[in-house]
Amino acid sequence: MALELIQTAETINALEIFLDKRRPPENLRHQVDLDYRIENQSVIIFNIRQHWQHKDQKIEEPIAKTTWVKTEQKWKVFWMRSDLKWHSYSPHPRVDTLEKFLDLVHEDKHGCFWG
């Protein structure tokens, strides 16, 4: 089930504020950038990089994921391990707000997101 319209608008607003803090300077964004995608009830944050051999191709590198669980009224937090699978972020597997998720990702106290 997708996020509701009002929740989607609030989510986009919070994500845009987060991107303003974390994106690289404009003159570097053709080489590396940061973006997000909303897929149903999940938000995925990812880096965009140039392919190392084919400069005209872009590669997306997932950083963090959160999924809204309506029955719990919580966001589940995930990070991508080297096996390229999403794993629960055990220090804080669930948070109450998207802003708390974004704070976790920004602070990255355990070195899981920005590695």
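The values are calculated or read from the model by the stated rules, or taken from the named source; none is laboratory data. Small disclaimer: the values here were computed from a predicted structure and weren't measured. We place every Cβ from the backbone using ideal geometry, glycine too, and count neighbours over all the protein chains shown.
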Residues of region 71-98 being β-branched (V, I, T) and more than 19 Å from I38 (Cα to Cα), in sequence order, are T71
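Of the residues in region 64-86, how many are touching a residue at least 60 places away in the same chain (Cβ under 8 Å) and of a type outside the set (D, E, K, R)?
Total satisfying the criteria: 1.
Matching residues to (1) among the aromatic types (F, W, Y); (2) in contact (Cβ under 8 Å) with a residue 12 or more places away in the chain; (3) surrounded by 14 or more Cβ atoms within 10 Å (Cβ to Cβ); (4) more than 26 Å from E4 (Cβ to Cβ):
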residue: F18; (1), (2), (3), (4): yes, yes, yes, no
residue: R23; (1), (2), (3), (4): no, no, yes, yes
residue: I38; (1), (2), (3), (4): no, yes, yes, no
residue: Q50; (1), (2), (3), (4): no, yes, yes, yes
residue: P62; (1), (2), (3), (4): no, yes, yes, no
residue: S88; (1), (2), (3), (4): no, yes, no, no
residue: V95; (1), (2), (3), (4): no, yes, yes, no
residue: L104; (1), (2), (3), (4): no, yes, yes, no
residue: G111; (1), (2), (3), (4): no, no, no, yes
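Conditions (1) of a type in the set (V, I, T); (2) at pLDDT 95 or above, marked per residue:
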| site | (1), (2) |
| --- | --- |
| E39 | no, no |
| Q50 | no, no |
| T67 | yes, yes |
| V95 | yes, yes |
| K100 | no, yes |
Would you pick out the residues in region 1-16 that are in a loop (DSSP other than H, G, I, E, B) and loosely packed, with under 12 Cβ neighbours inside 10 Å? M1
Being out of contact with any strand residue (DSSP E or B) (no Cβ under 9 Å at 6 or more places or on another chain) and under 14 Å from I45 (Cβ atoms) is the filter here, so list the residues in region 81-106 that pass it. E99, H106
